[in-house]
Amino acid sequence: MRKTLTGKGLFSNFIGETIHNTLAGATSGFVQGATKSLVKNDARYVLENTVGGALSGFSRTVALNALLGSPYKTHPAYDKSSGIIRKGGVFGLYANSIKNGENKGITIGRNSYSVDGNLYTSAHESYHLSDIERMGWAAFYMRILSEYIRYGFEESYEVEGSLEFFARKYGTIAPLLIKEYYR
């Protein structure tokens, strides 16, 4: 059973994430609005930007949960990043219909998505999150897309030195270490 970030359930986790991101957006909007108010000498920017930031945080959270599902905790032994692992959502329905078998996942920004939620996929995608932290967002996507074009999507998993090759290796080793640890 997967653990949610709040430790209670998927709905509680969704509510917690929504509140957090709405408040973070409102805070960011408030700071921007206060700065703009000082520069333009017009106090209305504080309220406008605070509300705009809150709406942005709220809508982004609802969209991410609807598309990629709710975040959940991974095993600390292979969660090498500060990214978020997700499972479910509309993408899960789509991914299940186009790719048969196991190990279905994708990393988009700081959000890693696992259709099946197995240890291999979660570790593999967690490795990509650490790649993004190490390389930076743009450099990661430029490199991985160039590898897909150069070697082919499926073939890039077999090319030594490619990002998919290292993530595949990590995805294979991490679950074995976890199972050995708990034996």
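Taking amide H as placed 1.01 Å from N in the peptide plane, the amide H of Y113 sits under 5 Å from that of R86, I106, T107, I108, each at least 5 places away or on another chain. Per-residue 3J(HN,Hα) values for the stretch 86-91, derived from phi via the Karplus relation 6.51 cos²θ - 1.76 cosθ + 1.60 with θ = phi - 60°, read 10, 8, x, x, 5, 4 Hz in sequence order (x marks Gly and Pro). Sorting F14, F30 by accessible area puts them as F30, F14; the probe is 1.4 Å, largest comes first, and only protein heavy atoms count. Working ranking of peptides 84-92, 32-40 by packing, defined as the average number of other Cβ atoms within 10 Å per residue, highest first, is 84-92, 32-40. Under 5 Å between amide hydrogens, built in the peptide plane, is the criterion, and for S70 it picks out K87, G89 among residues at least 5 positions away or on other chains.
The values are calculated or read from the model by the stated rules, or taken from the named source; none is laboratory data. What you see is a predicted model, and the numbers here were worked out from it, not measured in a lab. Reconstructed Cβ throughout: ideal geometry from the backbone, glycine too, with neighbour counts over all protein chains shown. Each accessible area value is taken on the protein alone, full model and side chains, heavy atoms only, with ligands, DNA and RNA left out. Shrake-Rupley method; radii C 1.70, N 1.55, O 1.52, S 1.80 Å.
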